[in-house]
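Below you'll find the structure, written out as structure tokens, and then a few comments.
Any read-out appearing in this document is the output of simple, stated calculations on the displayed coordinates, not a laboratory observation. Since the structure is predicted, the reported quantities are computational estimates derived from the model, not experimental observations. Because the Cβ atoms are built from the backbone with ideal geometry, glycine has one as well, and the counts that use them run over all protein chains shown.
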Amino acid sequence: MKRFRFRLQRVMDAKLSEERLRQRELGDAQGLLLEEERKLRTLIDQLADEEVQQRQRIQGSMRAGDAVLHNSWYRELRTRIRTQNLEVDKAAKLVEEARERLTEVSKEKRVLERLKERRQEEHRQATLSETQNMLDDIGTRKQTLEKGHRG
């Protein structure tokens, strides 16, 4: 009997390559998300430090010009935090989209794998059946020859 050959092997190989690509894309998107979250944490830490310094300045003496300057910096930090939150949201959306693409291609690949497994099993069963038929035929011929030599 012929060796098993899955007719959709090239398609399955392409899905495997695409799955690897989607895994890399997901990894890149997750890396971007982590970086954007790190930037956000840095800004939040800076804001917290500024608030502590502001309280200390209020308790001490501060010139009006310094107060305006620090208040301006405080507002700038809050604006940067809002902007960075938007960047984190964008990166999180990219991660989700990449995850969905990976999930989809993985499902498609799994369908092909199951089909291949079924075809392999069918091939194995056909091979066993063909082998059994050949053995039965050999046995029948042998019996026919033995009866011909006896009679």
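Of the residues LEU128, LEU135, which is surrounded by 11 or more Cβ atoms within 10 Å (Cβ to Cβ), free of Cβ contacts under 8 Å to residues at least 60 places away in the same chain, part of a helix (DSSP H, G or I) and hydrophobic (A, V, I, L, M, F, W, C)?
On the way: LEU135 fails: surrounded by 11 or more Cβ atoms within 10 Å (Cβ to Cβ).
Every option except LEU128 fails the conditions.
When you check ARG99 against the structure, is it touching a residue at least 24 places away in the same chain (Cβ under 8 Å) and in contact with a Leu (Cβ under 8 Å, 6 or more places away or on another chain), yes or no?
yes
Listed residues LYS107, LYS90; which is of a type outside the set (Phe, Trp, Tyr), over 23 Å from GLU35 (Cβ atoms) and part of a helix (DSSP H, G or I)?
Working: LYS90 fails: over 23 Å from GLU35 (Cβ atoms).
Being of a type outside the set (Phe, Trp, Tyr), over 23 Å from GLU35 (Cβ atoms) and part of a helix (DSSP H, G or I) holds for just one of LYS107, LYS90, which is LYS107.
Within the stretch 4-19, identify whether any single residue is among the acidic types (Asp, Glu), over 26 Å from GLU87 (Cβ atoms) and in contact (Cβ under 8 Å) with a residue 40 or more places away in the chain, and answer yes or no.
The first filter runs over the stretch 4-19 and keeps only residues among the acidic types (Asp, Glu), leaving 13, 18-19.
Checking the rest, the ones that are also over 26 Å from GLU87 (Cβ atoms) come to 13, 18-19.
From the residues that got through so far, the ones that are in contact (Cβ under 8 Å) with a residue 40 or more places away in the chain too are 18-19.
So far as the stretch 4-19 goes, yes, one or more of its residues are among the acidic types (Asp, Glu), over 26 Å from GLU87 (Cβ atoms) and in contact (Cβ under 8 Å) with a residue 40 or more places away in the chain.
With the requirement that a residue be within 15 Å of the chain's Cα centre (by Cα), surrounded by 14 or more Cβ atoms within 10 Å (Cβ to Cβ) and not aliphatic (A, V, I, L, M), what does the stretch 15-39 give you?
Result: LYS15, GLU18, GLU19, ARG22, GLN23, GLU25, GLN30.
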